[in-house]
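Step one of this worksheet: look at the structure below.
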Amino acid sequence: MSGGLKGFARREWGPLFTAVRTGLVTRRWGAMPMTLAAVCLTALFQVVQNQDWGYQPVQDIGSVRAEDPLWSALLRTPLSLFVPALDLPVWGALAQVLLVFGIAEICIGRWRTLAVAYLATLSGTLYARVGIALGPDSPFGLPATDAQVVDTGPSAAVVGLAVYVCWRYGARWTGGLVVVAMVIEVVVKPNLAGKEHLAAITAVLVLIAVQAWRERRQGGGAPRPGTRSWKPPITS
């Protein structure tokens, strides 16, 4: 039994673990400068928004609501990745950003990490508007009051990145577990944040499907993690 578990762990997490370990050993903290900057920015926003003088400026530059004009929401969305929710412990958000953004930056590179994170966050932001238009009677809809609720902050990006990295490195069961956990979240507590997480996952799954299709068309593309000829990528 223990041999079977070890074999499963090696297949599921071996390539991912090797890539992360190689990046940290060879470059140490220099392997994820963007992640460290994101953690510092998230902490800074948390400190500032809890000051009497800082709450409104943070809202103006990084908080997105469905009731906001679309152009304003799109301008705020990049910074909204780093504005933690006021009603949740900030240490949870900081840990999520450090762990998931850090692994992603090491494994897929900083620019792809930012692109996937932005896609996930933007998908949640746009879904909120569609959901409110559909109304609470639709299974994919939202009540009108959710138009005044601030978007999820870093969590949609974290969920999207987790699913993408798991796919890219062959950790299919782990990625599936993330998806199932988000579905259960919506079933237990069907609020705006949970449904935005599902919207983020849906967008990332579409991206994965497109990339997999392109790789098949190109005759398999580069060797995939877990194969004999695959080597951890060197990312900048």
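Of note:
- Given charges at Cβ of Lys, Arg, Asp, Glu: the chain dipole, positive-most of Pro190, Gln46, Val158: Val158
- Counting 0.36 nm for each residue step from Thr145 to Leu177 and taking away their Cα separation leaves a gain of 8.4 nm.
- Helix 70-80 vs. the chain, principal-axis angle (Cα, 0 to 90°, nearest 10): 50 degrees
- Fewest-first sequence of Val25, Val39 by Cβ atoms within 10 Å of each Cβ: Val25, Val39
- Cα-centre dipole for the chain with unit charges at Cβ (Lys and Arg positive, Asp and Glu negative), debye to 20: 1640 debye
- Neighbour-count ranking [beta-carbon atoms within 10 angstrom, fewest first] of Thr42, Thr77: Thr77, Thr42
- 0 to 90° range, to nearest 10: angle between helix 2-27 axis and the chain longest Cα axis: 80 degrees
- Only helices enter this figure: runs of n ≥ 4 DSSP H residues, each worth -39500 (n - 2.57), summed and divided by the residues of the chain, yield -22500 deg cm²/dmol at 222 nm to the nearest 500.
- Rounded tilt (10° steps) of 192-217 against the dominant C-alpha axis of the chain: 40 degrees
- Residues Met34, Met182 arranged by fewest to most Cβ contacts within 10 Å: Met34, Met182
All of the numbers you see were taken from the coordinates with simple rules; none came from a lab. Small disclaimer: the values here were computed from a predicted structure and weren't measured. Cβ: placed from backbone, ideal geometry, glycine included. Neighbour counts: every protein chain shown.
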